[in-house]
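Structure, as structure tokens:
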Amino acid sequence: MAGPAVALLILFIVVPVMLAFVLAFTNARLISPRPATFVGLHNFANLFSDPVFWASLRNTFYFAVVVVPIQAGLALVLALLVNAKVRGTNFFRTVYFVPVVTSMVVVSLLWRFLYQKDGLLNALISAVHPSYAPIDWLNDPRTAMPAIIVMSIWQAVGFHMIIWLSGLQTIPAELYEAGDLDGAVGWKRFRYITWPSLLATRTFILITITIAALSLFTQISVMTQGGPLDSTTTVVYMAVRTGYQQLATGYASAISLVFFVLVLIVSGVQRFLTREKD
Amino acid sequence: MSTVVENPPRAGRSAHRRRAGWLVQTGRILLALLFAGPLLFLFVSSLKPDLQIFADLRSWRAFVPLGHVSFANYSAVFARVPFARFLMNSIGISVLTVVLGLLVNSLAAFALARLQWRGKQLVLTGIIATLILPFETLALPLVWWVNKLPWLTMNGFHLQLTTGWLDTYQVQIIPFVANAFSVYLFYQYFTSIPKELDEAARMDGAGWFRIYRNVVMPLSGPAIATVAILTFLPAWNSYLWPLMVVQSEELRPVMIGIQYFFQLNVSWGQVMAYASMITLPVLALFLAFQKAFIGSIASSGVKG
């Protein structure tokens, strides 16, 4: 009975992974009259001497390093704000969650407009600040990545709010009652009761946000195409551009392989750092 | 499980507490505006001509449907793209992925959770190991790979074996049917159902498939809802994959249609109309099944 699922997983996950390992060492092209030939480390040599690759690696890390703590923290704040039995809590949960349900493609499009030089954001700023010189957010190498970061957090933070919330609700009420007797309120209550109880949730959130952040692609594809001046090119975006537009499957597989190793290392390190200490 | 404790109010601190409550409530409202604002702007702008969208930007009018409001942008969308076709494609692809996914993944989870067989632990570990692979790492070799796969097609009344899945419906469905996370969620849920039920059913002469269909699945409503939602959303929203594997217009899903609105001079009103049209169905589903949606995300986070 497990047969169909296992067969499909092998066919569409295990085989592609192994193919990535094989194709990365060939000059395979998606559509080519000639069969692929073995080229050794040629793709990797090219990759490591490609300044775009290093830029995309830097951008990917930049994005992840900023997004992971801010998104996780903001999601926790939201969760604490809506984790109460007061009227309207459900309404706020729903509203904060709405961007999650909206597709990233639509969100990226919408924010592309908000970020335009004559777009909503500049208009709103200059309405309150008349001497403000409008910024072309996505076309300025200094502001393009921060703009994408803000939008990405806005879209996904509701998802992690719900996960924090489910963690918060598994904390036994007796813990808070006991803390209350000891005078643990406000910050202390959070520091000594809530935070330690969220260990498993914390690990899960950290790892899911990190993997999602390292996989940054859609926003880039819809909003900036890696520009301006490669200030927003990411590893996945570069891989897709190489493999899909230039049909260079072998080279793209090499990029994918490097990315895969990257994800493995980062999530391995995180698992090690957040392991449960007995 | 979901008991939320509020501190009992104490004498002397209640004024302070009330002010804190006020602050929190203000914070909630401001955040709600921040989250709802851009989407409200999207829907409102979809009803306005381009000139008015820009004219309204500097004031609160950007967020209210006032002035030259009409569905003109929407009819323009229909004139520009075969929207009905895209919509049917997306619905068909999403629904099939969900239905097949529910069947295949629950069967696998049933075998793993309720049956005894050799190598079971190994298979379970293998399935869970695939969880850490982001789809993006597989996408490119996968494109190359599906282009080599065989498929049976109907040529008149003759079945014909063809190779290459690029530019088909199945390439948008079948690779996403089996999903390690869905298997895992079902597995978790199935292990919580008492085994005595299986034994009782077996006494009555039921085979494994009957136990799956008549005992375990009817008790698994929440797990089914979770997997259905978590399969539906990415299927509906998928962008990277169809971008790479679908060329023909008649096979395209709605998200790819967006590209039609970025040729030459962009009409933002039309872009907003198209974006609204592909967002509203999912938003309506979300509001109707809001509890299950949020519950499903929450349960997906409960994994140690």
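The table below lists the values:
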{"item": "Test result for A:Ala45, away from chain B (no Cβ under 11 Å) and under 19 Å from the mean Cα position of the chain (by Cα)", "result": "no"}
{"item": "Single match in A:Ile211, A:Ile205 (criterion: under 20 Å from A:Trp154 (Cα atoms) and in contact with a His (Cβ under 7 Å, 6 or more places away or on another chain))", "result": "A:Ile205"}
{"item": "Those helices (runs of 4 or more DSSP H) lying entirely in region B:179-272 with at least 2 residues at pLDDT 85 or above", "result": "B:180-191, B:221-237, B:240-245, B:254-257"}
{"item": "Selected residue [hydrophobic (A, V, I, L, M, F, W, C), in contact with a strand residue (DSSP E or B) (Cβ under 8 Å, 6 or more places away or on another chain), more than 21 Å from A:Met151 (Cβ to Cβ) and touching a residue at least 12 places away in the same chain (Cβ under 8 Å)] from A:Phe38, A:Phe44, A:Phe21", "result": "A:Phe38"}
{"item": "Tally of residues being at the interface with chain B (Cβ under 7 Å from one of its Cβ atoms), in a loop (DSSP other than H, G, I, E, B) and either in contact with a Pro (Cβ under 6 Å, 6 or more places away or on another chain) or at pLDDT 90 or above (or both) across region A:67-122", "result": "2"}
{"item": "Boolean, A:Phe63 is among the aromatic types (Phe, Trp, Tyr) and either closer than 30 Å to A:Gln270 by Cβ or within 23 Å of the chain's Cα centre (by Cα) (or both)", "result": "yes"}
{"item": "Filtered residues of region B:149-163 (kept if under 25 Å from A:Val240 (Cβ atoms) and more than 10 Å from chain A (Cβ to nearest Cβ))", "result": "B:Trp151, B:Thr163"}
{"item": "Residue match in region B:84-94 (condition: among the small types (Gly, Ala, Ser) and within 9 Å of another protein chain (Cβ to nearest Cβ))", "result": "no"}
{"item": "Set A:Ala2, A:Ala45, A:Ala20, A:Ala24: member being surrounded by 12 or more Cβ atoms within 10 Å (Cβ to Cβ), out of contact with any Ser or Thr (no Cβ under 7 Å at 6 or more places or on another chain) and modelled with pLDDT of 85 or more", "result": "A:Ala45"}
{"item": "Some residue of region B:236-244 being among the aromatic types (Phe, Trp, Tyr), closer than 30 Å to A:Gly167 by Cβ and out of contact with any His (no Cβ under 6 Å at 6 or more places or on another chain)", "result": "yes"}
{"item": "Any chance B:Val77 is modelled with pLDDT under 90 and either in a helix (DSSP H, G or I) or aromatic (Phe, Trp, Tyr) (or both)", "result": "yes"}
{"item": "Criterion violated by A:Ile135 - all others in (1) more than 30 Å from A:Ala79 (Cα to Cα); (2) in a helix (DSSP H, G or I) satisfied", "result": "(2)"}
{"item": "Residue match in region A:200-215 (condition: over 24 Å from A:Leu57 (Cβ atoms), among the hydroxyl-bearing types (Ser, Thr, Tyr) and either buried (at least 22 other Cβ atoms within 10 Å of the Cβ) or more than 10 Å from chain B (Cβ to nearest Cβ) (or both))", "result": "yes"}
{"item": "Of all residues in region B:49-76 being out of contact with any Lys or Arg (no Cβ under 7 Å at 6 or more places or on another chain) and of a type in the set (Val, Ile, Thr), the one that is surrounded by the most Cβ atoms within 10 Å (Cβ to Cβ)", "result": "B:Ile53"}
{"item": "Hey, B:Ala62 more than 14 Å from every other protein chain (Cβ to nearest Cβ), modelled with pLDDT under 90 and not in a loop (DSSP other than H, G, I, E, B) or not", "result": "no"}
{"item": "Residue tally, condition within 10 Å of chain A (Cβ to nearest Cβ) and either among the polar types (S, T, N, Q) or under 13 Å from A:Ala5 (Cβ atoms) (or both), over region B:114-136", "result": "5"}
{"item": "Unique residue being within 25 Å of B:Leu138 (Cβ to Cβ), without any contact (Cβ under 8 Å) to a residue 40 or more places away in the chain and under 24 Å from the mean Cα position of the chain (by Cα) when the list is A:Pro16, A:Pro69", "result": "A:Pro16"}
{"item": "Elements of type helices (runs of 4 or more DSSP H) contained in region A:156-232, each with 3 or more residues being among the polar types (S, T, N, Q)", "result": "A:199-214, A:218-223"}
{"item": "Subset of region B:166-195 [in contact with a Ser or Thr (Cβ under 8 Å, 6 or more places away or on another chain) and of a type outside the set (S, T, N, Q)]", "result": "B:Asp167, B:Ile173, B:Phe176, B:Val177, B:Ala180, B:Phe181, B:Leu185, B:Phe186, B:Tyr189, B:Phe190, B:Ile193"}
{"item": "Members of region A:126-140 found to be surrounded by 13 or more Cβ atoms within 10 Å (Cβ to Cβ) and more than 9 Å from chain B (Cβ to nearest Cβ), listed by number", "result": "A:Pro134, A:Ile135, A:Asp136, A:Trp137, A:Leu138, A:Asn139, A:Asp140"}
{"item": "Any hit, region B:105-116, residues being assigned to a helix (DSSP H, G or I) and loosely packed, with under 14 Cβ neighbours inside 10 Å", "result": "no"}
{"item": "Residues of region A:233-265 satisfying the condition of being surrounded by fewer than 18 Cβ atoms within 10 Å (Cβ to Cβ) and part of a helix (DSSP H, G or I)", "result": "A:Gln245, A:Val261, A:Leu262, A:Leu264, A:Ile265"}
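For (1) touching a residue at least 40 places away in the same chain (Cβ under 8 Å); (2) more than 19 Å from the chain's Cα centre (by Cα), each residue gets a yes or a no:
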residue: B:Val227; (1), (2): yes, no
residue: B:Thr231; (1), (2): yes, no
residue: B:Arg252; (1), (2): yes, no
residue: B:Ile256; (1), (2): yes, no
residue: B:Trp268; (1), (2): yes, yes
residue: B:Val271; (1), (2): no, yes
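The values are calculated or read from the model by the stated rules, or taken from the named source; none is laboratory data. Because the structure is predicted, anything quoted here is derived from the model rather than measured. So basically every Cβ, Gly included, is an ideal-geometry build from the backbone, and we count neighbours across all protein chains shown.
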